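The values are calculated or read from the model by the stated rules, or taken from the named source; none is laboratory data. Here the structure is a predicted model, which means the values were calculated and not measured. Note: ideal-geometry Cβ built from the backbone for every residue, glycine included; neighbour counts use all protein chains shown. With ligands, DNA and RNA removed, areas are computed over all heavy atoms of the protein, side chains included. Shrake-Rupley method; radii C 1.70, N 1.55, O 1.52, S 1.80 Å.
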Amino acid sequence: MPNWLHLMADSLGPLLWAGLIFTIPLTLLSFAFGLILGLITAIGRLFGPAPVAAIARFYVWAIRGTPLLVQLFVIFYGLPSIGILLDAFPAALIGFTLNIGAYSSEIIRAVISSVPKGQWEAAYSIGMSWRQAMSRTILPQAGRVAVPPLSNTFISLVKDTSLAAAITVPELFQAAQRIVATTYEPLILYIEAALIYLALSSVLSALQVRLERRFARYGGMLEANA
């Protein structure tokens, strides 16, 4: 077996373990919390009073206008200067959640706005309250439209978690960096890490296609295309 292949085989276990223990949980938790934050932000911008809408707009503007890496550094390295100390994983979770919340809020706001006004009127005509109309009529329709962009956001998040290595989260990419520090083989190890990210993204992309087809089938889009 070539030395480079032997090195990749030996390092595969630690890299996969780091991905399982840190990368995947960080991705899932950040996306889940980010979606909740994004939904609240979108609803605040669309239906909230002026002060709430202004705060939501400012939050989206600030997060979308600054690099994710800088946000992570502000949370992990900057907040201790004012007495707020966070461990690496919670700091990364907060940073990714805020980032996903801002971007997903724009997606959610757009898909809610795309639902025809007649759907609101139909819901109100049968006696639904605003909350019932939103949860039973508007969000289910908007959800179908939101699947592709939100899926793309999730896949991007899997790759973006590698930035957590910069604030000492021992995820997949930092595990590769640690092995490089002892083997002095950066090319091989970084290519291996890239292949693992590629495999994860490919699996998620395949799942995205299946999910889109499922929603399209129930939404009547496949029949229309046929």
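Just wondering, is there one or more residues in region 150-172 that are free of Cβ contacts under 8 Å to residues at least 24 places away in the same chain, surrounded by fewer than 16 Cβ atoms within 10 Å (Cβ to Cβ) and more than 16 Å from the chain's Cα centre (by Cα)? Scanning region 150-172 turns up no residue that is free of Cβ contacts under 8 Å to residues at least 24 places away in the same chain, surrounded by fewer than 16 Cβ atoms within 10 Å (Cβ to Cβ) and more than 16 Å from the chain's Cα centre (by Cα). Regarding residue 146, is this residue touching a residue at least 12 places away in the same chain (Cβ under 8 Å), part of a helix (DSSP H, G or I) and either more than 22 Å from residue 64 (Cα to Cα) or open to solvent by 30 Å² or more (accessible area, probe 1.4 Å) (or both)? Judged against the criteria, residue 146 is not a match.
Inspect region 39-53 for any residue being in contact with a Leu (Cβ under 9 Å, 6 or more places away or on another chain), assigned to a helix (DSSP H, G or I), more than 18 Å from residue 159 (Cα to Cα) and touching a residue at least 60 places away in the same chain (Cβ under 8 Å) and give the result as yes or no. Yes: region 39-53 contains one or more residues that are in contact with a Leu (Cβ under 9 Å, 6 or more places away or on another chain), assigned to a helix (DSSP H, G or I), more than 18 Å from residue 159 (Cα to Cα) and touching a residue at least 60 places away in the same chain (Cβ under 8 Å). What number of residues within region 153-185 are among the polar types (S, T, N, Q) and more than 15 Å from residue 14 (Cα to Cα)? Residues in region 153-185 being among the polar types (S, T, N, Q) and more than 15 Å from residue 14 (Cα to Cα): 5 in total. Within region 84-105, the set of residues being open to solvent by 40 Å² or more (accessible area, probe 1.4 Å) and assigned to a helix (DSSP H, G or I) comprises 89, 90, 94, 98, 103. Of all residues in region 128-143, those satisfying the criterion of being open to solvent by 20 Å² or more (accessible area, probe 1.4 Å) and of a type outside the set (S, T, N, Q) are 128, 130, 131, 136, 139, 140, 143. If you go through region 102-143 and pick out every residue that is in contact (Cβ under 8 Å) with a residue 12 or more places away in the chain and among the acidic types (Asp, Glu), you end up with 1.
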